[in-house]
């Protein structure tokens with residue numbers, strides 16, 4: 001008896017569900033896959049293009065900042081350890097020697113006569129220099 005009751009209850013539900021499912025399946029079968037693929041690719045290209053445009057705009061905005069009119073200039077820097085440095089800073093007409101540690105910046109000396117910094121080629125770290133030698137490039141090629 002239970003078997004027949006379950007069959008009777010399941011029959012009307014499957015009959016009702018059969019017609020809307022057939023009607024709903026036809027629009028999915030007639031969709032244009034090629035059109036969707038073109039739309040997807042155009043959207044992807046638009047997003048990638050937007051990223052490049054925004055990166056270009058950010059570079060331009062960052063370059064607009066003050067040029068040459070800086071009051072404080074770094075004249076020289078010397079590493080004393082992994083986290084400690086000596087900095088020679090030009091402030092207006094004075095040069096100040098600063099000690100820089102992870103927790104503090106200490107003025108060490110105000111120079112009476114400014115030190116003229118030579119425009120030497122920046123020192124290449126040993127690893128970079130060795131890598132360039134292994135790749136067959138010489139420091140003279142960097143100019």
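For this structure, a couple of remarks:
- Between residue 104 and residue 51, the FRET efficiency estimated from the beta carbon spacing at R0 = 41 angstrom works out to 0.50.
- Here residue 131 and residue 76 are evaluated by their C-beta separation; at R0 = 25 Å the FRET efficiency comes out at 0.45.
- 18 Å tail of the calculated P(r), the range 72-134, as % of Cα pairs: 48 percent
- Ranked by the mean number of other Cβ atoms within 10 Å per residue, highest first, peptides 91-100, 55-64 order as 91-100, 55-64.
Values quoted throughout were computed directly from the atomic coordinates according to the rules given, and no laboratory measurement underlies them. Here the structure is a predicted model, which is why all the values come from computation and not from measurement. No Cβ is skipped: glycine too gets one built from the backbone with ideal geometry, and neighbour counts run over all protein chains shown.
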